[in-house]
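Report on the following structure.
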Amino acid sequence: MDKLKDRYFIRLYQKDDFKPQRLPLASARTLFRVFIHFIAGDYVSLEVYREDYLSKRVCNVKTNSAGISTAERITMRAKMFEYFPYDDIVNKFSEGLYDPEESGEYQSGVMKIAPFNEEQFENAIELLSIINEEGSI
């Protein structure tokens, strides 16, 4: 079973779409597939975080109306993505109860990333070889 240091949180933005697609607990193979789609122009922005970094504890300081400050320890994940229950998903992953990667395919919510078929794989290799030869697209 993979550990959190081997998994990534990926956030993708498509053209004219203000709501990002989020891929928690993605493996390096899924990250590679998403990166190829990003290079090909399917996405306009890509953010990648290691899950073990997002699990670190930080202080969240709140000040009430009376001016009293209180601090609570939360994960970096909860601080950055406060509206989404990713801490619960990561806890289930750590306990071995949940894994979005099954048989080489990533599936979480409405997002499904399957392995490349032969044509897509050849296109990806060709794209990478062009980048390697010319230094840019």
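A few remarks follow.
- Residue in the stretch 54-75 that is in contact with a strand residue (DSSP E or B) (Cβ under 7 Å, 6 or more places away or on another chain) and touching a residue at least 24 places away in the same chain (Cβ under 8 Å) present: yes
- The set of residues in the stretch 15-50 that are farther than 17 Å from residue 108 by Cβ, in a loop (DSSP other than H, G, I, E, B) and either of a type outside the set (D, E, K, R) or in contact (Cβ under 8 Å) with a residue 60 or more places away in the chain (or both) comprises 18, 40, 41, 44.
- Any hit, the stretch 13-22, residues being more than 18 Å from residue 120 (Cβ to Cβ), basic (Lys, Arg) and buried (at least 17 other Cβ atoms within 10 Å of the Cβ): yes
- Selected residue [of a type in the set (D, E, K, R) and at positive phi] from 87, 16: 16
- Verdict on residue 62 being surrounded by fewer than 14 Cβ atoms within 10 Å (Cβ to Cβ), charged (D, E, K, R) and under 22 Å from the mean Cα position of the chain (by Cα): no
- Any hit, the stretch 112-132, residues being closer than 19 Å to residue 13 by Cα, loosely packed, with under 13 Cβ neighbours inside 10 Å and charged (D, E, K, R): yes
- Selection from the stretch 1-12 of residues that are crowded, with 16+ Cβ neighbours inside 10 Å, free of Cβ contacts under 8 Å to residues at least 60 places away in the same chain and either part of a loop (DSSP other than H, G, I, E, B) or in contact with a helix residue (DSSP H, G or I) (Cβ under 7 Å, 6 or more places away or on another chain) (or both): 8, 10, 12
- Any hit, the stretch 65-88, residues being within 13 Å of the chain's Cα centre (by Cα), under 24 Å from residue 128 (Cα atoms) and of a type in the set (Ser, Thr, Tyr): no
- Unique match (being touching a Lys or Arg at 6+ places or on another chain (Cβ under 9 Å) and under 25 Å from residue 125 (Cβ atoms)) among 28, 40, 71: 28
- Listed by position, the strands (runs of 3 or more DSSP E) enclosed by the stretch 53-137 that each have at least 3 residues that are out of contact with any helix residue (DSSP H, G or I) (no Cβ under 6 Å at 6 or more places or on another chain) are 57-63, 69-75, 105-108.
None of the figures in this text is laboratory data; all of them are computed from the coordinates on show. As the structure is a computational prediction, the values presented were derived from the model and not from experiment. FYI the Cβ positions are ideal-geometry reconstructions off the backbone, even for glycines, and counts take in every protein chain you see.
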